[in-house]
Structure formats: C-alpha cells, structure tokens
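K.L.:
Pasting a structure below so you can have a look.
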Amino acid sequence: MTTARTAEERKAAKARDLPPPPDEIDPRVSALVNELIGRVADKWTMLILEVLTEHGTLRFTRIGKLVGDISQKMLTQTLRQMERDGLVSRKVFPVIPPKVEYRLTELGLTLSEAFCGVWIWAAENLEKVEEARRIFDEKASER
C-alpha cells in the first residue's frame, strides 16, 4: 500500500528548489520516518547522538556525565532504544566491575550527519527566530 502525494506538495517542493517527493510513498517508510522523528526529536537521543559523535566510543558513566542532568534510568532506556534502532552498538567486557562501552554505528553516524543540517539551519536563522519570537511576545502582551 502507498500514500499518494498531492500536486500541491510537489509544487511546494519545486518552489523551494527541493526535489519533489515521490508520487507514492511506502507506508512502512512513512511509519519509520514518524517513529524516528519522534525518537530523534527526543531531547536525550539528540544529546547522546551529539556526545557520541564528538567523543567516539564511551563508557556508560562518561556518556551520562557529558550529557548532564540525565538519570541512569533515562540514559539506560535511551541507549537501549538507540541500540534497538541500530544507532549505537554496545560492547560488554567480562570484568568486575562491569565495563560497557557504546559507540555510534554507521547508521547512527549517518543520522548524526543528517541532523547536522538542523544545527546549520539554527545558526543561520537564530536572529530571525529570535526576532519572530520577540514580535509574537509583544503582540501577545498587548492582548
């Protein structure tokens, strides 16, 4: 089963100099995009992705310290979900105390690269967003 794209969606993409979306999208792809956006839009996933991109392979406790203000439970849950999605790999060393290391997989690295564009966009548009918020807040306070 596929989802049809409207003429308006194709026209809007063309107006922004983007490649038009395909006429038909596999609903499994659509579901995956929705799941991943929900996951990656999660604050902790984004922060862990950033930490592992910058620092490479890290132990559990070091990730927690670099992310900052994350509980062990939330760090565990987020890393497990990232591992399930194929974004990180986990290596357990048979020592006492336990030693566990995490690193981004190739899939995780490509996601990190994709979201680098968000950082670039934010840097390029920071003043515009701040101005829009200022204008909105002024109008809201006048109501």
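K.L.:
So is Glu50 closer than 22 Å to Cys116 by Cβ and modelled with pLDDT of 75 or more or not? Steps first, please.
P.N.:
On the way: closer than 22 Å to Cys116 by Cβ: yes; modelled with pLDDT of 75 or more: yes.
So Glu50 fits the description; yes.
K.L.:
Kindly evaluate Gly86 against the criterion of being on the phi > 0 side of the Ramachandran plot and not hydrophobic (A, V, I, L, M, F, W, C).
P.N.:
Yes.
K.L.:
Pick out the one residue from Ala114, Ala123 that is among the small types (Gly, Ala, Ser), more than 21 Å from Arg39 (Cα to Cα), part of a helix (DSSP H, G or I) and without any contact (Cβ under 8 Å) to a residue 24 or more places away in the chain. Can you show your working first?
P.N.:
Numbers: Ala114 fails: more than 21 Å from Arg39 (Cα to Cα).
Checking each option against the conditions leaves just Ala123.
K.L.:
I'd like the full set of residues that are within 17 Å of His55 (Cα to Cα), part of a loop (DSSP other than H, G, I, E, B) and of a type in the set (Val, Ile, Thr), limited to the stretch 87-108.
P.N.:
Across the stretch 87-108, the qualifying residue is only Thr105.
K.L.:
Which residues, taken from the stretch 76-86, are part of a helix (DSSP H, G or I) and buried (at least 18 other Cβ atoms within 10 Å of the Cβ)?
P.N.:
Thr78, Leu79, Met82
K.L.:
While we're on this one: Of the residues Thr57, Thr61, Thr45, which single one is closer than 12 Å to Leu111 by Cβ and among the hydroxyl-bearing types (Ser, Thr, Tyr)?
P.N.:
Thr45 is the lone residue from the list that is closer than 12 Å to Leu111 by Cβ and among the hydroxyl-bearing types (Ser, Thr, Tyr).
Matching residues to (1) at pLDDT below 95; (2) surrounded by 15 or more Cβ atoms within 10 Å (Cβ to Cβ):
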position	(1), (2)
Thr2	yes, no
Ala7	yes, no
Ala13	yes, no
Pro21	yes, no
Val33	yes, no
Ile37	yes, no
Thr57	no, no
Arg103	no, yes
Cys116	yes, no
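K.L.:
For Val129, state whether it is farther than 20 Å from Leu36 by Cα, of a type in the set (Val, Ile, Thr) and part of a helix (DSSP H, G or I).
P.N.:
So Val129 fits the description; yes.
K.L.:
Against the definition (surrounded by 14 or more Cβ atoms within 10 Å (Cβ to Cβ) and hydroxyl-bearing (Ser, Thr, Tyr)), how does Ser89 come out, yes or no?
P.N.:
Values: surrounded by 14 or more Cβ atoms within 10 Å (Cβ to Cβ): yes; hydroxyl-bearing (Ser, Thr, Tyr): yes.
Judged against the criteria, Ser89 is a match.
Conditions tested, residue by residue: (1) modelled with pLDDT under 95; (2) within 16 Å of Asp42 (Cα to Cα); (3) out of contact with any helix residue (DSSP H, G or I) (no Cβ under 7 Å at 6 or more places or on another chain); (4) not aromatic (Phe, Trp, Tyr).
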| residue | (1), (2), (3), (4) |
| --- | --- |
| Leu66 | no, no, no, yes |
| Pro98 | yes, no, yes, yes |
| Trp119 | yes, yes, yes, no |
| Glu124 | yes, no, yes, yes |
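The values are calculated or read from the model by the stated rules, or taken from the named source; none is laboratory data. Not measured: the values here are computed from a predicted model. Neighbour counts are summed over all protein chains in view; Cβ atoms, including those assigned to glycine, are modelled from backbone coordinates with ideal geometry.
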